Amino acid sequence: MRVLGVVCSPHRMGNTARLVRRVLDGAEEKGYETELISLCDLQINPLSAGSSQPYGISFPEDDMERIYPSLEKMDVLVLGTPIYYDNVSARTKLFIDRLHYYSYLGAKERFPKNVRAVLIITYEWDNPKAYDEVIEWLKRTLEYYWKMKVVATLKAEGTRKRPVAEREDLLEKAREIGLNL
């Protein structure tokens with residue numbers, strides 16, 4: 001089984017990255033093949049208008065093309081995003097928009113079937129019940145458009161006062177998610 005972790009944070013070793021990495025660690029313990037992609041290392045541009053393109057949308061030639069092969073081989077997607085101003089990071093939204101590529105004939109058949117997904121969000125607010133609507137939006141989006149099945153979610157609140165690196169209970173939950181894939 002191939003588990004792809006996508007970190008949508010500007011911090012390579014920040015709270016979000018640590019949790020995604022820990023899920024991958026658990027998956028590796030189980031014997032699964034893993035790959036981690038940090039979007040902050042890539043140049044990914046938004047969709048643009050293209051009158052000669054199907055549906056009037058043009059897909060830029062950029063580093064997203066480096067991600068497509070990994071997406072096409074995954075069995076599980078571990079998607080991690082920090083919350084900024086009450087929603088996913090701009091990198092997360094851009095990544096999701098660029099998955100639109102798989103809505104078109106030719107590419108549609110290359111997107112794997114029966115992909116499971118793990119959703120991870122991190123945020124500074126100390127409210128553990130916050131942002132359930134963001135998790136629901138992500139879940140609904142992945143399930144509706146790409147037929148993924150969200151099998152686990154993990155929220156880390158209060159990460160400025162209590163960074164993930166100092167929270168063994170949270171890191172262990174992430175590892176257990178990976179072990180249970």
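The values are calculated or read from the model by the stated rules, or taken from the named source; none is laboratory data. Because the structure is predicted, anything quoted here is derived from the model rather than measured. In this analysis, Cβ positions are derived from the backbone assuming ideal geometry, glycine residues included, and neighbour counts consider all displayed protein chains. Remember, those area values only see protein heavy atoms, side chains included, never the ligands or the DNA or RNA. Shrake-Rupley method; radii C 1.70, N 1.55, O 1.52, S 1.80 Å.
Between amide H atoms placed 1.01 Å from N, distances below 5 Å from residue 36 occur with 5, all of them 5 or more places distant or on a separate chain.
Of the accessible area of the chain, computed with a 1.4 Å probe over protein heavy atoms only, carbon and sulfur atoms account for 48 percent. With all protein chains kept in place, the per residue accessible area of the range 1-139 amounts to 50 square angstrom at a probe of 1.4 angstrom. The phi torsions of the range 13-27, fed into the Karplus equation with coefficients 6.51, -1.76 and 1.60 and a -60° offset, translate into couplings of 10, x, 4, 5, 4, 5, 6, 4, 4, 5, 4, 5, 4, x, 5 Hz, rounded to whole numbers, with Gly and Pro shown as x. When you restrict to C-alpha pairs under 8 Å that are six or more residues apart and normalise by the size of the chain, the relative contact order lands at 28 percent.
A prolate overall shape is assigned to the range 68-172, the ratio a/c of its alpha-carbon gyration tensor axes (a ≥ b ≥ c) being 1.5 or greater and a/b exceeding b/c. Under the rule that an exposed site lies in a DSSP loop and has at most 15 other Cβ atoms within 10 Å, name the longest stretch of the chain with no chymotrypsin sites (Phe, Trp or Tyr not before Pro) of that kind, not counting the sites themselves. Answer from the scan: 1-84.
Accessible area of residue 149 (1.4 Å probe, protein heavy atoms only, ligands and nucleic acids ignored): about 120 Å².
Rounded to the nearest 0.05, what FRET efficiency is calculated for residue 49 and residue 85 with R0 set to 25 Å and r the Cβ-Cβ distance?
It comes to 0.40.
Taken about its Cα centre, the range 45-118 carries a charge dipole of roughly 220 debye when the Cβ of each Lys and Arg holds +1 and the Cβ of each Asp and Glu holds -1.
Computed from backbone phi with θ = phi - 60° and the Karplus coefficients 6.51, -1.76 and 1.60, the 3J(HN,Hα) list for the range 169-181 is 4, 5, 5, 5, 4, 4, 4, 5, 4, x, 5, 9, 5 Hz; x is used for glycine and proline.
Between amide H atoms placed 1.01 Å from N, distances below 5 Å from residue 156 occur with 121, 122, 123, all of them 5 or more places distant or on a separate chain. Structural descriptor for the range 35-105: relative contact order 30 percent, calculated from alpha carbon pairs under 8 angstrom and at least 6 residues apart. Max-minus-min Cα coordinates of the chain on each principal axis give 52, 37, 28 Å, with the largest extent listed first. The H on the amide N of residue 50, modeled in the peptide plane, is under 5 Å from the matching H of 57, 58, each at least 5 residues off or on a different chain. Between the beta carbons of residue 25 and residue 109, assuming R0 = 30 Å, the FRET efficiency works out to 0.40 to the nearest 0.05. Which residue, 64, 148, 74, tops the fluctuation ranking in a GNM of the chain built on C-alpha contacts under 10 Å? Fluctuation is largest for 64.
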